[in-house]
Each structure stands twice: as structure tokens, then as C-alpha cells.
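To start, the structure itself, in C-alpha cells.
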Amino acid sequence: MAGTAFSLHDKVAFVVGAGQPIGRAAALALAEAGAHVVLTTTLRTKREADAAHACMNDILTRQRKSSVHAIDVTNEQDVQTAIEHTVTQHGRLDILVNAPDLPFAKPLPDVALGEWQRVLAVNLTSVYLTCQAAAGPMLAQQKGRIINVVSLLGERGMANGSAYCAAQAGVLNLTRALALEWARSGITVNAIGAGWTEGMGMLADETLRQQLTRYLPTKRLAQPYEIGEAAVYLASDTTDFLTGQVLWIDGGALSRL
Amino acid sequence: MSVLDKLRLDGKVAIMTGAGRGLGREMALALAEAGADIVAAARTQAQLDETAALVRAQGRRCLVIPTDVTDSAAVNAMVDATIAEYGRFDILVNNAGGATRGMNRPVEAITDEQWRTGIDVNLTGAFYCCRAVLPHMMRQGSGKIINVTSGLGVRAGRNNIMYSTAKAGLINFTRALAMNYADKNIQSTLILPGIFPHDDPELLAYWQGGKFIPVGRPGKDDELGPLCVFLASDLANYMNGELVALEGGGLAGGQVPTGFAPVVLLPEGEQ
């Protein structure tokens with residue numbers, strides 16, 4: 001299997017959350033494998049927009065096309081416009097990577113309804129919006145790759161993480177349901193299950209980082225590229241028969257009792 | 001190094017059990033195409049020779065070692081021969097196995113012999129191979145172990161009692177490997193292939209052309225190799241204890257016999 005079997009030469013990818021570590025890593029890996037990559041932010045913040053533009057410049061230096069849409073992924077109009085623009089610009093849409101991440105943790109009695117709704121909206125509803133917007137071009141092509149990045153908190157619970165855990169689990173089962181819905185339409189829908197990764201929002205606390213590093217079978221956190229690069233495999237033409245699955249990349253975290 | 005270069009296996013050595021035919025041969029050829037030299041192990045010399053010829057046609061080396069994986073002395077000898085020939089190895093794929101022992105029998109009709117030999121070939125053989133390679137991988141400071149399980153290892157079917165049990169055992173054996181050797185830079189993962197009839201008309205008829213598989217067809221022989229290459233490559237360096245199923249979507253659902261739920265609308269006034 002030469003590297004060419006996995007080549008994404010001239011495919012068109014759309015990456016949500018490219019101003020955040022894992023989304024950025026996925027976007028760069030797809031570009032390295034030959035894809036043109038349209039980038040979006042998760043939220044309309046200057047910090048994310050700056051990071052997404054830096055990612056775009058890295059892709060341009062690899063001689064691949066790239067552009068940035070600074071959007072709020074929970075805004076239906078923003079998402080539709082960005083995807084329509086991508087199809088107009090590039091003539092097609094082959095790969096959709098959803099890597100929005102809004103971390104949040106609090107004891108449940110203190111979680112305001114507005115907070116709960118926002119965490120669900122950014123982490124879960126955004127995936128519904130992008131998949132719905134991408135469905136048009138992908139169903140027309142009868143070919144597409146959708147890759148949703150989820151946290152291992154979608155599979156295991158964590159105290160104080162109720163809203164985030166619920167949202168991540170929602171993305172996992174949305175992935176399975178859509179995989180079945182589009183199984184005969186040439187669109188595969190899979191997830192990358194990210195283990196504890198450097199730069200991840202839920203890891204802001206230094207004590208938690210240190211505890212996890214000791215706890216993990218690998219005794220280290222993942223680097224964002226170790227999560228993002230797997231998108232190349234899932235996006236490649238070798239995976240027509242792989243759908244509805246979660247590709248966990250967790251350093252053994254889920255194996256541990 | 002580009003991400004596509006990381007998917008190359010140049011200079012690496014891979015042992016494939018059950019390499020004489022079917023998916024074992026396909027995976028061995030894919031690893032060879034990605035640059036790895038191969039050790040082809042299985043019981044039947046003639047089939048291994050065919051695999052070896054195909055590997056060599058790709059310009060890679062292939063060591064043929066007829067091996068019964070249920071014989072631990074034979075497994076140890078196979079690993080020793082590999083070290084003697086190549087001086088190293090990087091990848092072990094435990095692919096040998098078989099579902100036929102005790103198949104189509106209820107629990108009360110499975111003989112001691114069928115149960116024991118079935119568990120031996122599907123589970124104990126993988127243990128023997130891992131036991132033999134791990135000291136070398138630890139000395140080397142790296143290694144990848146890929147175990148091949150089955151849909152019957154995560155869900156139960158009718159009439160496959162021994163096989164379901166053995167393949168489930170292999171899954172948790174892999175997690176145990178991950179847990180215990182992760183900090184030695186040895187990654188253990190699982191491939192779960194769906195239905196691959198190898199263009200055999202009889203098998204295709206048996207599986208009804210794969211019409212009950214969500215994607216509407218069974219797997220093609222050349223679809224499994226790339227997954228094996230991915231898991232054996234540096235792209236999978238943080239994967240450990242995890243299972244990747246390549247099976248056309250069946251495991252994602254299986255709850256609705258017709259495939260699609262009928263449309264259910266929200267109540268009046270709830271939209």
C-alpha cells in the first residue's frame with residue numbers, strides 16, 4: 001500500500017474548529033495529503049479567527065488552496081453560507097471534519113439552562129447543522145466523508161462534566177445514525193474519538209493534566225497531530241466499507257479499568 | 001515528514017499468522033506494498049509459498065515458516081527464525097483463526113475437543129505469539145500488535161458459540177496488552193473485518209450478496225489491507241487497546257430490521 005493509496009490529491013475538505021488544536025491538526029494533515037481545505041472557527045472570537053488564519057497560511061505554503069470563514073457554528077445561516085461558498089468556489093465537497101470544542105464543567109445544580117443549551121449547541125447541534133448543509137452536495141455526488149471528532153467523555157462520564165459528556169455522547173450516536181441513513185448513498189460517517197490531548201479545552205487545569213498523565217497507560221497525553229492525522233485515513237478512498245465507527249485514539253485510556 | 005510518508009512501513013518487519021490465504025494474505029500484501037518485509041506463518045506450506053511469491057513480486061522479502069499457532073514450541077521457533085533472518089520485527093498480526101469448530105451446535109452439543117481446539121486456534125494462539133514477540137519488542141523499544149477479531153466478538157450470533165467466546169476473549173486480551181505494554185511503546189489494536197466472501201460464489205450466495213449490510217454489499221478483498229497498514233504505521237502511535245471495525249455499518253445499528261425508521265412527526269403545535 002503505497003502512500004498514494006491514502007492520497008487526498010485535489011479533494012475538497014471543510015474543517016470546523018480549525019482555530020482549535022485538533023481541528024487545526026486535522027486541517028494541516030488533510031492538506032499535507034493533498035486536499036484543499038476550507039476552514040471555519042467554532043466561535044466568532046478574534047483568538048480563533050487569528051489561529052484559523054495562521055492555519056490557512058500553513059496550508060497555503062503547502063501549495064494547497066485554503067480560506068477561512070470566521071463563523072459561529074451554531075448559526076444556521078453562517079454554516080449554510082460557508083458550505084455553499086465552498087461548493088461554489090471548488091465545485092465540490094468531499095470531506096467534512098467537525099472538530100468544534102466548547103469545554104465546560106460545573107456541578108449540575110449550578111448549571112444554568114442557558115449554559116446547558118450553549119454547550120449542547122456548540123458541541124452537538126453544530127454537527128447537525130454542518131451535516132445537513134453538506135448533505136446536499138454529498139448526496140448529489142453520491143460520495144462523501146464525514147468525520148466527527150469527539151472526546152472520550154462521550155463514552156465515559158466525568159463528575160461535573162454532565163453537559164459536555166451528554167453533548168459528546170450525542171455526537172457519537174448522531175454519527176452512527178447518519179452512517180446508516182447514508183450507507184447506500186456513498187457517504188461514510190465516522191468519528192475520531194480523541195483521548196486526553198494537549199491543548200484540549202477540558203484540560204486547562206494543571207493538576208488534572210498531571211493526574212491524567214500518571215493515570216494513562218501511555219503515561220503521556222496525546223499531541224493534537226496524533227488525533228488529527230487519522231482524518232487522512234478515514235477521508236481516503238480506502239474506507240468505502242468503513243462507516244458508523246469510532247476510531248478511538250486514546251493511549252489505552254478506554255482499556256483501563 | 002509528510003503524513004503520507006508516515007503511512008509507509010519501509011524497513012519494518014511484519015509477522016502475519018494465517019498468511020496463506022484470504023484476508024491474511026491480503027493484509028500481508030498490503031504491508032509489503034507499504035514497504036514492510038514479511039514473515040508468512042500458517043499451517044499449509046503450499047499456500048504460504050503462493051503468498052510469498054506475491055510478496056516478492058512487490059520487491060519485498062518474505063520468510064515462509066509453516067506454523068501451527070496452537071503449538072507454542074512451533075510459535076517460539078517461528079519467532080527465533082524471524083530474528084535470525086531479519087534481526088528484528090516491528091509488527092505482529094494475529095490473524096489465524098477459524099469459526100468451524102462446534103459451529104451450528106447448541107452449547108449442549110459442543111464437544112470438549114471442539115471447544116478446546118476452537119479456543120486454542122482463535123485465542124491461545126494469539127497469546128502464544130504475543131508471549132514470544134514481546135521480549136523482543138521490549139528490547140527493541142517499539143512494536144505494534146494487531147489482533148483480528150470478528151463481529152461475533154462484540155455481538156452474539158446464533159450457532160457460533162465457541163467463536164463468539166474466543167473472539168470476545170481476544171478483544172479483552174488486547175486491552176490487557178494495551179494496559180500493560182503501553183509505557184513500553186508497544187501498541188496493541190484490533191481489526192474487526194465484516195463479511196468478505198473473496199468473490200466465492202457460494203459464500204456470496206450464503207451472505208445473500210450482502211443485502212442486509214447497511215452499505216448494501218460485502219467487503220472487497222483489497223479494502224482490509226489499508227486499515228492494517230494504518231494501524232501498523234506511525235499514524236497510529238497513540239492508538240492502544242482500540243478496535244476498528246471495517247464492516248459496512250452493521251455494528252452502528254442493527255435495531256431496525258428494515259433499515260430505516262418510518263417518519264414520525266412532532267405533535268401538532270410542537271414545531
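The values are calculated or read from the model by the stated rules, or taken from the named source; none is laboratory data. Predicted, not measured: the structure shown is a model, and the values here were computed from it. Cβ placement follows ideal geometry from the backbone for every residue including glycine, while neighbour counts extend to all protein chains displayed.
Would you check which residues across the range A:133-158 are more than 28 Å from A:Thr88 (Cβ to Cβ) and in contact (Cβ under 8 Å) with a residue 40 or more places away in the chain and list them? Result: A:Val150, A:Ser151, A:Leu152, A:Leu153, A:Glu155, A:Arg156, A:Met158. Restrict the check to the range A:7-23 and report whether at least one residue is assigned to a helix (DSSP H, G or I), facing chain B (nearest Cβ under 8 Å) and either modelled with pLDDT under 95 or within 25 Å of B:Ala36 (Cβ to Cβ) (or both). There is no residue in the range A:7-23 that is assigned to a helix (DSSP H, G or I), facing chain B (nearest Cβ under 8 Å) and either modelled with pLDDT under 95 or within 25 Å of B:Ala36 (Cβ to Cβ) (or both). In the set A:Ala183, A:Ala194, A:Ala231, only one residue is facing chain B (nearest Cβ under 7 Å) and touching a residue at least 60 places away in the same chain (Cβ under 8 Å); that residue is A:Ala183. Only a single item in (1) crowded, with 22+ Cβ neighbours inside 10 Å; (2) of a type in the set (D, E, K, R); (3) in contact with a helix residue (DSSP H, G or I) (Cβ under 6 Å, 6 or more places away or on another chain) is not met by A:Asp94, and it is number (3). Of the helices (runs of 4 or more DSSP H) entirely within the range A:155-252, those holding at least 1 residues that are touching a helix residue (DSSP H, G or I) at 6+ places or on another chain (Cβ under 8 Å) and among the small types (Gly, Ala, Ser) occupy A:162-181, A:224-228, A:230-235.
Yes/no per residue for (1) within 22 Å of B:Phe196 (Cβ to Cβ); (2) hydroxyl-bearing (Ser, Thr, Tyr); (3) under 18 Å from the mean Cα position of the chain (by Cα):
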position: B:Met1; (1), (2), (3): no, no, no
position: B:Asp5; (1), (2), (3): no, no, no
position: B:Asp10; (1), (2), (3): no, no, no
position: B:Met27; (1), (2), (3): yes, no, yes
position: B:Leu31; (1), (2), (3): yes, no, yes
position: B:Gly35; (1), (2), (3): no, no, no
position: B:Ile38; (1), (2), (3): yes, no, yes
position: B:Cys62; (1), (2), (3): no, no, no
position: B:Ser72; (1), (2), (3): no, yes, no
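Restricting attention to the range B:152-169 and to residues that are surrounded by fewer than 22 Cβ atoms within 10 Å (Cβ to Cβ) and either under 20 Å from B:Met239 (Cα atoms) or polar (S, T, N, Q) (or both), the residue that is farthest from the chain's Cα centre (by Cα) turns out to be B:Asn159. Listed here are the strands (runs of 3 or more DSSP E) enclosed by the range B:8-107 that have at least 2 residues being surrounded by 15 or more Cβ atoms within 10 Å (Cβ to Cβ) and in contact (Cβ under 8 Å) with a residue 40 or more places away in the chain: B:13-17, B:37-42, B:91-94.
Residues are listed down the side, and each one gets a yes or a no for (1) assigned to a loop (DSSP other than H, G, I, E, B); (2) more than 17 Å from A:Val189 (Cα to Cα); (3) touching a residue at least 60 places away in the same chain (Cβ under 8 Å):
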site	(1), (2), (3)
B:Asp222	no, yes, yes
B:Leu251	no, no, yes
B:Val264	yes, yes, no
B:Glu268	yes, yes, no
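Scanning the range A:61-91 for residues being in contact with a strand residue (DSSP E or B) (Cβ under 9 Å, 6 or more places away or on another chain), assigned to a helix (DSSP H, G or I) and not small (Gly, Ala, Ser) gives a total of 9.
Okay, residues lined up against (1) more than 9 Å from chain A (Cβ to nearest Cβ); (2) of a type in the set (A, V, I, L, M):
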residue	(1), (2)
B:Asn185	no, no
B:Ser188	no, no
B:Ile191	yes, yes
B:Asp199	yes, no
B:Ala205	yes, yes
B:Asp221	yes, no
B:Val229	no, yes
B:Gly241	no, no
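Residue-by-condition table, conditions (1) among the aliphatic types (A, V, I, L, M); (2) crowded, with 23+ Cβ neighbours inside 10 Å; (3) within 16 Å of the chain's Cα centre (by Cα); (4) more than 9 Å from every other protein chain (Cβ to nearest Cβ):
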{"site": "A:Met158", "(1), (2), (3), (4)": "yes, no, no, yes"}
{"site": "A:Thr188", "(1), (2), (3), (4)": "no, yes, yes, no"}
{"site": "A:Glu198", "(1), (2), (3), (4)": "no, no, yes, yes"}
{"site": "A:Leu208", "(1), (2), (3), (4)": "yes, no, no, yes"}
{"site": "A:Lys219", "(1), (2), (3), (4)": "no, no, no, no"}
{"site": "A:Asp250", "(1), (2), (3), (4)": "no, yes, yes, no"}
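When B:Ala176 is tested against (1) facing another protein chain (nearest Cβ under 8 Å); (2) not in a helix (DSSP H, G or I), only condition (2) is not met.
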